[in-house]
1. In segment 210-258, if every C-alpha pair distance is counted and binned at 10 Å from zero, what percent goes to each bin?
2. For segment 121-267, just say rounded, prolate or oblate: build the C-alpha gyration tensor, square-root its eigenvalues into a ≥ b ≥ c, call rounded for a/c under 1.5, and beyond that prolate if a/b exceeds b/c, oblate if not.
3. Rounded to whole Å and sorted largest first, what semi-axes of the equivalent ellipsoid does the C-alpha gyration tensor of segment 57-147 yield via the square root of 5 times each eigenvalue?
4. Do you know the relative contact order of segment 49-169, to the nearest whole percent, from alpha carbon pairs under 8 angstrom that are 6+ apart?
5. Tell me the Kirkwood radius of segment 114-196: reciprocal of the mean inverse pair distance over distinct alpha-carbon atoms, in Å.
6. Evaluate the charge dipole of the chain about its Cα centre and quote only its size in Debye, nearest 20, assuming +1 on the Cβ of each Lys and Arg and -1 on the Cβ of each Asp and Glu.
7. With respect to the cross-link table entries 237/259; 237/265; 9/197, which display a Cα-Cα separation exceeding 27 Å?
8. Give the peptides 221-230, 47-56 in descending order of average Cβ contacts within 10 Å, highest first.
Amino acid sequence: MQNTHPVKKQIRAEINGPIGYLIIDRPERKNALSFDMWKEVARIVREFGANRDLRVVILRGAGDLPFCSGADISEFETVRANAEGARAYEDANVVAFDAIAACPLPTIAMIRSFCMGGGMGLAAACDLRIASESAEFAIPPGKLGLAYPPSAIQYIVAAIGPSNAKDLLYTARRLKAPEAEKLGFINRLVAEDALEKEVQEIAATIAANAPLSLKAGKLAINFAAGYEFANDKNAVKEAADRCFDSADYREGRSAFLGKRKAQFKGE
């Protein structure tokens, strides 16, 4: 039976082989996220991370919709009308960002059109950001009288550095895709009609590599980046040690010596 819950229609999970898709589908709000949608992001990403059959997660807008235009402004006079509500909303944002950044699977933001405010936070929490030429970015709290918490801003700073983050935060200006690429926020900038193919090819390449190696690498990079949730050095070492004791490591050596493509199972 099809689930008709409105939030789950506006933000949904789809799986195709080794790839999990988190799809934002709210055209009437240009893919702005409501409070309930933010909570759904965290839930879906955690489920993907626990799925042993998945290798990569892609965050995207449905069809040709924008990636995400940020938080739903219409909720400012309801859910965020006072300090208590605003903090609860902010906490839901942070939980979503942290769930993406801490996901054991590689994550890719597939960005077209608007990637604003909280949408830019979602993209920054992803491991890779692939954007089309139509992409636009902004961090607008200065125009709204808001403040972003350090645990949310850390992902922007990690992507573009503190000085560039201050520029965007202080001015609240819009950033076109070529400048975002120059600043390092975008890993790859492609033509509009090439975005889908480019992201699929990158995801397929990642999915073919050893899952335990990817997990160990992500843990090590997050630790090196100084993320608060990734401060367990022993966990990083254990993940690396597990690679050396794995069947995938034996398969990798055998495939290299046999000049064939390795078939990794994450074991």
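Coordinate-derived values only; no laboratory data. Quick caveat: nothing in here was measured; it's all calculated off a predicted structure. Positions of Cβ are backbone-derived with ideal geometry, glycine not excepted, and every protein chain shown enters the neighbour counts.
1. 28, 43, 21, 7, 0
2. The shape class here is oblate.
3. Whole-Å semi-axes of the equivalent ellipsoid: 24, 16, 10.
4. This gives 27 percent for segment 49-169.
5. Mean inverse Cα-Cα distance, inverted, gives 12.7 Å.
6. The calculated dipole for the chain is roughly 540 debye.
7. Result: 237/259 exceed 27 Å.
8. The most tightly packed comes first, giving 47-56, 221-230.
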